[in-house]
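Each remark here refers to the structure printed beneath this line.
The values are calculated or read from the model by the stated rules, or taken from the named source; none is laboratory data. These numbers come from a predicted model, not from an experiment. In this analysis, Cβ positions are derived from the backbone assuming ideal geometry, glycine residues included, and neighbour counts consider all displayed protein chains.
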Amino acid sequence: MNVAVARSAYAERSAPAAPMPTLRDDLRQIAAWIADNARVLDLGCGDGTLMAYLRESRAARVYGVEIDDESVLHCVRRRLSVIQADLESGLRMFPDQMFDTVVLSQTLQAMHKTEAVLHEMARVGRQGIVSFPNFGHWRHLTSLLAGRMPVSPQMPYQWYDTPNVHLCTPKDFEILAGRLGLVITGRALLANGQPVRVLPNLRSKLAVYRFEPK
Amino acid sequence: MQSGSVGFVTPRTMRFEEPLELSSGARIADYDLCYETYGTLNAARDNAVLICHALNASHHVAGRYADQPGQVGWWDNMIGPGQPVDTRRFFVVGVNNLGSCFGSTGPMSVNPATGRPYGASFPVVTVEDWVNAQARLADRLGIARFAAVMGGSLGAMQALSWTIQYPERIGHCVAIATAPRLSAQNIAFNDVARTAIRSDPDFHGGDYYSKGVVPRGGLRVARMIGHITYLSDDDMAERFGRLLRTPDYAFGYGVEFEVESYLRYQGDKFAEYFDANTYLLITRALDYFDPARAFGGDLVQALAPAQARFLLVSFTTDWRFPPARAREIVEALVVNEREVTYAEIDAPHGHDAFLLEEPRYHRLVGAYFNNIAAERAR
């Protein structure tokens, strides 16, 4: 009797026949760089889309860190291990080299202490993966030429309400990585989910990098 | 989903004849445990949830008594039909711990060896002893494994201890507003409370029952001290501020500020129903709780046997067990690669927040228990 009640109540929650969530473009690339059974830390994991995908497709053991209440609730509903904390201080709780991969997806540009976060990623993980919007995309440049700050699908904010305080281009990131002693082991410059081969610095919308400490 | 109360409930008592060996080396020859249950134990006997109480609470977790409709269970907003811990799905057990004063054997009980109340001779019990006694109650109720063990504050310490003492008998540990051990400051507050009780002339070294008195003054101070630590500075500022009950300063030492009136009222009320020896005993159990102690302070090793999945919740304004204390547990669980979710609720009510109905908190616990129910139904 009780079991039946529980089953129907569960069905209520998961019944709406939503199509399989399509993974954000950068998440697909990130997942491709993660080994089966890997121990993964997803920083700023949001509603847990990547974590759930890695758990299902890679049998990864994933922890997420997220500050937002609603996002934490979403993760709980997906039965994910999520830790509510501020990324810029919350990483302290993890010991050195605890994870195979530490992911920071589309959050780097919103970090105040960019260098410290990258250092911490390299400390707690054997490899790090970051993704960020390419500020150097040509549409952003035309917007600037027209005298306006760029607003685009990957950066959908006005200048006065943007959380993005540290926007950069792929080249900028590579210079910083070098300075921090991080070795870049993978790079994907994407537009609409596809790698951009011609003029990627201008034509890619998203940059995804994999790195290791030196 | 309609939310509601479990309605009228009836406490029961289970008698245990087999002696219980205590952490101190002492033993209790036989004892009673008072408990309540809500909901129905299913055929598979896998939907049981144990709720552990903190310092001053009891087995009366939810619902009310027909003869005392004002006596609402202490976690009535959390447990019931349609509540976060839904009694339409779960069989919920509340138990009064050994040494408490709400029906289970404690200092007020008659020691069969002497025919008089135990009083000061009641052995000091620990969180581990409580958990052992709870496990025996589970045996008698036919519960081999709890779907979850849940508690707030000291109750959460019991839930945590379950994962170490009986790792195979607990599916999920839900630990709210807690710490892996008391800090020096926590112990200091407990010591002030105990000193207030023990220095009351009516305490008589703990054997006040035969004298027909209770150390009411000491208990009042103990409760006032405790109560201050349950509230946040902001909460007190909002509720009382510097409001006066008198038209102006009276230039005396009577009750003039609202906060004084409130604390004294709380103290008086508490001294009416709570036993002073129990207060000593439970605060001592709090002081002693430290699962890492056996491992040179290493909580990671202490939690290594745990197999349960964990939900930990802390409240930003809780200065008794602040978020940093809960994070110590989370960190040790992560290192042990246990499944753990940790939420930090930004709520203004200090330590007491765990007893209050805060939507973010209750939705989170509800979602977590929804998963537990779903997992069982699979």
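Evaluation of B:SER153 against the conditions (1) under 20 Å from B:PHE369 (Cα atoms); (2) touching a helix residue (DSSP H, G or I) at 6+ places or on another chain (Cβ under 6 Å) shows that the sole unmet condition is (2). Only one entry in B:VAL149, B:VAL131 is in contact with a Phe, Trp or Tyr (Cβ under 6 Å, 6 or more places away or on another chain), assigned to a helix (DSSP H, G or I) and hydrophobic (A, V, I, L, M, F, W, C), namely B:VAL131.
For segment A:158-183, the set of residues classified as more than 16 Å from A:LEU108 (Cα to Cα) and not basic (Lys, Arg) consists of A:GLN158, A:TRP159, A:TYR160, A:ASP161, A:GLY178, A:GLY181, A:VAL183, listed by residue number. Just one residue in the set B:GLY171, B:GLY217 is among the small types (Gly, Ala, Ser) and closer than 30 Å to B:ASP46 by Cβ; that residue is B:GLY171.
Inspect all residues belonging to segment A:9-31 and state whether any of them is in contact with a Lys or Arg (Cβ under 9 Å, 6 or more places away or on another chain), at pLDDT 95 or above and within 11 Å of chain B (Cβ to nearest Cβ). Checked segment A:9-31: no residue is in contact with a Lys or Arg (Cβ under 9 Å, 6 or more places away or on another chain), at pLDDT 95 or above and within 11 Å of chain B (Cβ to nearest Cβ). Of the listed requirements (1) surrounded by 21 or more Cβ atoms within 10 Å (Cβ to Cβ); (2) out of contact with any Asp or Glu (no Cβ under 7 Å at 6 or more places or on another chain); (3) assigned to a helix (DSSP H, G or I), B:ASN186 misses just one: (1).
Among the residues of segment B:153-199, the one identified as farther than 13 Å from B:ALA285 by Cβ, touching a Ser or Thr at 6+ places or on another chain (Cβ under 8 Å) and of a type in the set (S, T, N, Q) is B:THR178.
Selection over segment B:203-231 of residues that are outside any helix (DSSP H, G or I) and within 19 Å of B:THR278 (Cα to Cα) gives a count of 7. In segment B:353-364, which residues are surrounded by fewer than 21 Cβ atoms within 10 Å (Cβ to Cβ), assigned to a helix (DSSP H, G or I) and more than 7 Å from chain A (Cβ to nearest Cβ)? Within segment B:353-364, B:LEU355, B:PRO359, B:HIS362 qualify. Residue pairs whose Cβ atoms lie under 6 Å apart, separated by 6 or more positions or on different chains, with the first residue in segment A:62-90 and at the interface with chain B (Cβ under 9 Å from one of its Cβ atoms) and the second polar (S, T, N, Q) and in a helix (DSSP H, G or I), are A:ARG79/B:ASN371. Counting the residues of segment A:183-214 that are among the small types (Gly, Ala, Ser) and outside any strand (DSSP E or B) gives 2. Residues in segment B:210-219 that are in contact (Cβ under 8 Å) with a residue 12 or more places away in the chain, touching a helix residue (DSSP H, G or I) at 6+ places or on another chain (Cβ under 6 Å) and surrounded by fewer than 22 Cβ atoms within 10 Å (Cβ to Cβ): B:ARG216 alone.
In segment A:91-112, the qualifying residues are those that are modelled with pLDDT of 95 or more and within 15 Å of the chain's Cα centre (by Cα), and the one that is nearest to the other protein chains (Cβ to nearest Cβ) is A:VAL102. When residues in segment B:40-59 are screened for being of a type in the set (A, V, I, L, M, F, W, C) and assigned to a loop (DSSP other than H, G, I, E, B), 6 of them pass.
Are any of the residues in segment B:48-63 within 14 Å of chain A (Cβ to nearest Cβ), touching a strand residue (DSSP E or B) at 6+ places or on another chain (Cβ under 7 Å) and surrounded by 12 or more Cβ atoms within 10 Å (Cβ to Cβ)? Steps first, answer last, please.
Initial filter on segment B:48-63 (within 14 Å of chain A (Cβ to nearest Cβ)): B:48-49.
Keeping just the survivors that are touching a strand residue (DSSP E or B) at 6+ places or on another chain (Cβ under 7 Å) gives B:48-49.
Now restrict to residues that are surrounded by 12 or more Cβ atoms within 10 Å (Cβ to Cβ): B:48-49.
Scanning segment B:48-63, I find at least one residue that is within 14 Å of chain A (Cβ to nearest Cβ), touching a strand residue (DSSP E or B) at 6+ places or on another chain (Cβ under 7 Å) and surrounded by 12 or more Cβ atoms within 10 Å (Cβ to Cβ), so the answer is yes.
The residues in segment A:51-63 that are touching a Leu at 6+ places or on another chain (Cβ under 6 Å) and not in a helix (DSSP H, G or I) can be counted, and the count is 3. Looking for whichever is closer than 22 Å to B:GLY366 by Cα and facing another protein chain (nearest Cβ under 9 Å) here; the options are B:GLU339, B:GLU328. Which one fits? Result of the check over B:GLU339, B:GLU328: B:GLU339.
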